[in-house]
Every structure is written in structure tokens, then in C-alpha cells.
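The values are calculated or read from the model by the stated rules, or taken from the named source; none is laboratory data. Note that the structure is a prediction, hence the values are computed from the model and not measured. Counting neighbours? That spans all protein chains shown, and the Cβs are built from the backbone with ideal geometry, glycine included. Note: accessible area is taken over every heavy atom of the protein model, side chains too, but ligands, DNA and RNA are not part of it. Shrake-Rupley method; radii C 1.70, N 1.55, O 1.52, S 1.80 Å.
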Amino acid sequence: MPGRTAWILADQLSAGNPALDGADRVLIVQSSSRPGRLRFHRQKLQLVFSAMRHFAEDLEGRGIDVDYRRAPTLAAGLEEHLIEFDPETVALLEPNTVGAGQRLAGLDPRVELVEGTLFLTDPADFDRWAEGRKLLRMEDFYREQRRKYDLLMDGDEPAGGRWNYDPENREPPPDGITPPRPYRPREDGIDAEVREELGRMEAEGLATTGEDGPRIFPASRDQALRALDSFVAKRLPTFGPYQDAMVEGERFMWHALLSSSLNLGLLDPLECAEAAEAAWRDGEAPIESVEGFVRQVIGWREYVWGVYRLRGRSMLEPNELKADRPVPGAIMALDPEETSMACLADTLAGVRDTAYAHHIERLMLLGNLMLTLGVDPTEATDWFHSAFIDGYEWVMVPNVAGMALWADGGKMMTKPYAATGRYVDRMSDYCGDCRYSPKQRTGPDACPLTTLYWDFLDRNRQLLGANHRMKMQVRNLDRIDEEEMSAIREQAAGLRSEFNA
Ligand SMILES: Cc1cc2nc3c(=O)[nH]c(=O)nc-3n(C[C@H](O)[C@H](O)[C@H](O)COP(=O)(O)OP(=O)(O)OC[C@H]3O[C@@H](n4cnc5c(N)ncnc54)[C@H](O)[C@@H]3O)c2cc1C
Ligand code: SF4
């Protein structure tokens, strides 16, 4: 019996996981304490448990013994496994969360951490790239990735003559658009069992957030590949131009919906980027869309991972903007009825119903509102982590603390993503039906995002005024007379109390 066990964590569900090499059996622990720590979206728990069970089933189908164990904690699951199977070694791929490897390896001397990663980028390579650089510019990292993986390259030059087609990819939504329906997986017996189990756990006190519903995101390798194929064939060609656009009731636009599959380990980032490149080479998708997608996957995703490995949760600590407010009640409750902002209500309804919002909704609506309100970065990170289908610490900390809330004072992003309602008006169809006006800074019709933006600049005038990329915005404050400025301050204070009521 002894031999070698491969211990597979919930976000390591890849047949290429190096811990599987030479394993006599596999251990997967479904820990009931994990969901208890944060109030996770019900659909995220459904997806993660279902994916773990599907992975176990796939392995068993290939003749590999699996010990799928439900236990109160990972430690308890490991202990039970050690008693029953008495393995000589338990191989565990280095976990994605900083510090988790040491913690899990410390549980028993037989646990051996296997070096490697399901990302393209080895942490040591990222550290080498980052060493000595004052600014870790994503664009520099991305160009190296393109060269290294020979993606969208014509020899030494970028295919199509440019590295970046972002300027072409910021179109506002045209009237009457109808994005193609995304791939939908079919639920099976495993899903039914997981749903029943979650129902029992909720009855015993497990607190979740959001609505349950038919599973939208892939839970197996097979489903993830279908989702990738369907995206490349039907949505990729128009992915680029409307990447930043928001439309009421349109939850997914032309986005890939692949983050949960990539983050679980069901898809490999390189195969996604190569599939997109092949579509361009075959003349099935334009370079603007394909480059935009490749940049997200081999650029942003890998960069965010590298920055997290380098800085870990310390990104939350500087809290340079001294933000200390709680997450607004309407957002915590995912309750569109609790806000009269048309943009926020629709985005919250989307997160409630799907555990998903696309990048601009996350950054320029939810993130922007939390930034300008002054929400505490740790609380914001916990909320995003729990409410989204693709949330894990490695991806939440840099995206929420570094990108959206600028808690590190510019070590990751050179300037904060703060914007007035005018940005939302340009990029969406929300404002027309909203009771507020995006142009107004004060008064009963003033858009909350607009009031909060000017108040944010004013409260952080000194810090932001010293930032060369924000100087102009801060200088615009001087065009507002003192009477209006104090009205803005007063109205913003009222909004902060209302949001936290
Ligand atoms: C405040 C905030 C929170 C976020 N939280 C998460 C999260 O918990 N998990 C997560 O995977 N992404 C997160 N992101 C990044 C990005 O918004 C999502 O990856 C994307 O919206 C997922 O949807 P999609 O698969 O349809 O992506 P698309 O828009 O179609 O992009 C394609 C792929 O690129 C990758 N990608 C693009 N940008 C990023 C990025 N900044 N960081 C990491 N991967 C990226 C994703 O894997 C994504 O599947 C967050 C961004 C912000 C601003
Ligand atoms: S006016 Fe302001 S609150 Fe209303 S939809 Fe536009 S941006 Fe959102």
C-alpha cells in the first residue's frame, strides 16, 4: 500500500500537474472549513466542488486510484489519508497562495513540495525580470512573453507591425448589439449531488452569497475545451472592439468567460493563446481582437501572478490612500434594489445571478466606486474574492489592491483608475435611464461617481498632485470655486454615510 500519493488542490486540476508523475494514488480533500472563512457565491462553490469531483472521475477513468475525502480542514483530510494509506511520500505541487506551501508541508514530514507551476511563468524567471526595475511595466513583460513563446511574431517583429492594438479596442457599444450566446455546459449527476450537498451544508449554517442557478462555467477539461473552441469560433472575432463596453442586461458581451477554467487548471494559458493565434493566421479573426486576447492571457494574467508572488499580501498593507470604509451594504448583499444608480444596480444583478462581471465592470464600476468612496483594501479584496467565480488570492490581491484601489501607491499601476460618471456614459447605455446625470457634481441629480471622483481628488490632492500622470486631473480641481468644492465635500460625505447605512 505505501508508495506515493499525489495531493491535488482545488485550483490544480490539470492532467499536467507534475505532482501526478509516478503517483500510486491521488488525494483530493474537499474541506468544509474553506467555504466557511468567507461568504462565497453559491455558484462558485458549486463550480469548485463539481470540478474537483469531475477531475477525480476523469482520473479514475484513466485507472488512477483517487481518495476523494470530505473533511473539516485540509489538515484533517491529510491526516485521515495518512492513517488509511500510509504513503511514503505525499507530493504536492507548490500552491498558488504565498505561504500555503510551507504551511501544508509543515503538516507532516512526508509532504514534499514539487517545484513547478500551472502558469507559463516560473516565479524565479519573473523575479529575474523584475530585478533592478523601478517600474514593473506590464507592457515590457508582455513583449518578452510574446518573444519567448513566439506568439503573434513574424520573426523578431510583432505580427501586423504593432505590439498593441488597444487604441482600436475601446469602442463604445453601438445601439441594438446582440453578442452571440456563450457555450453552456450541461449539468450531470455530479452537479446534482454537489447541489444537494451544498443545500445540506447551508441548512447546517454555511453562509453563501448570490443566487444558485444552472452552472454556467466549465467543470471538466472536456467542457473547458468546448468553451475555448466556442469562444474562438463565435466571440473572438468581435472580442477586441467592445472589450470596454457595458450594456444593460448583457452579462458577457464578447468576453471569453475562460478565467474560471484557467484558474482551476482546466485550461493551459498557452493553448488558449495559440488557439487565438491560429484563428488569426487562418483569417477567422482580426489581429486587433486576437492581440487583445493574447495580451490578457499571456500578459496581464501572468504579470498579475508574478507581481503577487513577488509581493504577496504585503500589497494590501501600505494602504497609501488611508482607505478605511467598509464595503457598501448594497454591494455586500448583491442587492440591486438597494441602489438607485442604474449602472451599479445592473452590475450587482449580474454578479448575483452569475458570479461574474467583466473587467470594466469590475474595474471602472465596482472598483472605481470603492476607490473613490475609500473602501478598505483588505475588505474589498475579501469581497471580490468571495463573490466572483474566478476569485483566488493570487489574482485578487494585485487586481483589487494594486489595480483597482491603488493601495500600494503606484508600485503596480502608475495612476489610480478613478473616473466620473462621464466615463460610464461614454462606454455604456446606462446613464440614459438613470435618475442621475453623469455631468453633475452636486445637487439632487448629481451622479454619485462624479461627486465622489472630485471629492477623491480633493482628499488626496497632495499625494496625487505629486504623481506626474495625475497632475492634470488634480489641477482641474483649481477650476472649481470654493463654494462648489465645499458642496462637493458635503455631498460626498452624505454619500459615504448612505452607502454604509
Ligand atoms: C477589481 C478586479 C478584480 C478581478 N478579479 C479577478 C479574479 O478574481 N480572477 C480572475 O481571474 N481575474 C480577475 N480580474 C481580472 C479580469 O477582470 C478577469 O480575469 C476577467 O474579467 C475574466 O473574465 P473573462 O474570462 O471573460 O476574461 P476576458 O476579458 O475575456 O479576458 C481573457 C482572459 O485574460 C485573463 N485576464 C485578463 N485580465 C486579467 C487580469 N487583470 N488578471 C488576471 N487575469 C486576467 C483572464 O484569464 C481572462 O479569462 C479582476 C480584475 C479587477 C479589476
Ligand atoms: S448617471 Fe452615474 S450613477 Fe447613473 S448610470 Fe450613469 S454613471 Fe451610473
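Filter segment 7-53 down to the residues that are hydroxyl-bearing (Ser, Thr, Tyr) and part of a helix (DSSP H, G or I), then identify the one that is farthest from Pro214 (Cα to Cα).
Within segment 7-53, the match that is farthest from Pro214 (Cα to Cα) is Ser33.
Please go through segment 1-25 and pick out each residue that is open to solvent by less than 10 Å² (accessible area, probe 1.4 Å) and out of contact with any Phe, Trp or Tyr (no Cβ under 8 Å at 6 or more places or on another chain).
Answer for segment 1-25, where residues must be open to solvent by less than 10 Å² (accessible area, probe 1.4 Å) and out of contact with any Phe, Trp or Tyr (no Cβ under 8 Å at 6 or more places or on another chain): Ala6, Trp7, Gln12, Asn17.
Only one of these conditions is not met by Leu463: (1) within 11 Å of ligand 1 (Cβ to nearest atom); (2) touching a residue at least 40 places away in the same chain (Cβ under 8 Å); (3) open to solvent by 10 Å² or more (accessible area, probe 1.4 Å); (4) out of contact with any Ser or Thr (no Cβ under 6 Å at 6 or more places or on another chain). Which number is it?
Only one criterion is unmet by Leu463, namely (1).
From the list Leu59, Leu45, pick out the single residue that is of a type in the set (A, V, I, L, M), crowded, with 18+ Cβ neighbours inside 10 Å, at pLDDT 95 or above and under 23 Å from the mean Cα position of the chain (by Cα).
None of the others qualify; the one that does is Leu45.
Identify, from the list Arg301, Arg313, Arg325, the residue that is of a type in the set (Lys, Arg), open to solvent by 10 Å² or more (accessible area, probe 1.4 Å) and touching a Gly at 6+ places or on another chain (Cβ under 7 Å).
Of Arg301, Arg313, Arg325, the one residue that is of a type in the set (Lys, Arg), open to solvent by 10 Å² or more (accessible area, probe 1.4 Å) and touching a Gly at 6+ places or on another chain (Cβ under 7 Å) is Arg325.
Looking at segment 422-449, which of its residues are under 18 Å from Ser497 (Cβ atoms) and among the hydroxyl-bearing types (Ser, Thr, Tyr)?
If the condition is that a residue be under 18 Å from Ser497 (Cβ atoms) and among the hydroxyl-bearing types (Ser, Thr, Tyr), then Tyr436, Thr442 are the ones that fit.
When you check Ala276 against the structure, is it within 21 Å of Phe119 (Cα to Cα), outside any helix (DSSP H, G or I) and more than 16 Å from the chain's Cα centre (by Cα), yes or no?
Considered against the rule, which asks whether it is within 21 Å of Phe119 (Cα to Cα), outside any helix (DSSP H, G or I) and more than 16 Å from the chain's Cα centre (by Cα), Ala276 comes out as no.
Can you work out which of the residues in segment 473-487 that are surrounded by 10 or more Cβ atoms within 10 Å (Cβ to Cβ) and among the charged types (D, E, K, R) is nearest to Ala419 (Cα to Cα)?
Among those residues, the one meeting the criterion is Arg475.
Every residue in segment 20-39 that is modelled with pLDDT under 95, under 17 Å from Leu264 (Cα atoms) and not small (Gly, Ala, Ser), please.
If the condition is that a residue be modelled with pLDDT under 95, under 17 Å from Leu264 (Cα atoms) and not small (Gly, Ala, Ser), then Arg34, Pro35 are the ones that fit.
It is to be established whether one or more residues within segment 420-442 are more than 13 Å from ligand 2 (Cβ to nearest atom), surrounded by fewer than 24 Cβ atoms within 10 Å (Cβ to Cβ) and modelled with pLDDT of 95 or more.
Yes.
Could you list, in sequence order, the residues of segment 358-395 that are open to solvent by less than 10 Å² (accessible area, probe 1.4 Å), among the aliphatic types (A, V, I, L, M) and within 7 Å of ligand 1 (Cβ to nearest atom)?
Leu366
Restricting attention to segment 195-225, and to residues there that are open to solvent by less than 30 Å² (accessible area, probe 1.4 Å) and within 20 Å of Gly265 (Cα to Cα), which single residue is nearest to the chain's Cα centre (by Cα)?
Among them, the one singled out is Phe217.
Name the pairs: first residue in segment 412-429 and farther than 16 Å from Met253 by Cβ and without any contact (Cβ under 8 Å) to a residue 24 or more places away in the chain, second residue within 8 Å of ligand 2 (Cβ to nearest atom) and part of a helix (DSSP H, G or I), Cβ to Cβ under 6 Å, at least 6 apart or on different chains?
Short answer, once both residue conditions are applied: Asp425/Cys431.
Return yes or no: is Met332 modelled with pLDDT of 95 or more and within 16 Å of ligand 2 (Cβ to nearest atom)?
no
Working only within segment 453-490, note down all residues that are in contact with a Leu (Cβ under 9 Å, 6 or more places away or on another chain) and polar (S, T, N, Q).
Within segment 453-490, Asn460, Gln473, Asn476 meet the criteria.
Inside segment 252-273, can you point out the residues that are of a type outside the set (S, T, N, Q) and assigned to a helix (DSSP H, G or I)?
Within segment 252-273, Leu262, Leu264, Pro269, Leu270, Glu271, Cys272, Ala273 meet the criteria.
Name, by its number, the condition in (1) closer than 15 Å to Ala501 by Cβ; (2) outside any helix (DSSP H, G or I) that does not hold for Leu334.
(1)
Look through Pro173, Pro237, Pro241 and report the one residue that is within 23 Å of Asp346 (Cα to Cα), in contact (Cβ under 8 Å) with a residue 24 or more places away in the chain, assigned by TED's automatic domain parsing to the domain that holds Leu266 and touching a helix residue (DSSP H, G or I) at 6+ places or on another chain (Cβ under 7 Å).
Going through Pro173, Pro237, Pro241 in turn, just one is within 23 Å of Asp346 (Cα to Cα), in contact (Cβ under 8 Å) with a residue 24 or more places away in the chain, assigned by TED's automatic domain parsing to the domain that holds Leu266 and touching a helix residue (DSSP H, G or I) at 6+ places or on another chain (Cβ under 7 Å): Pro241.
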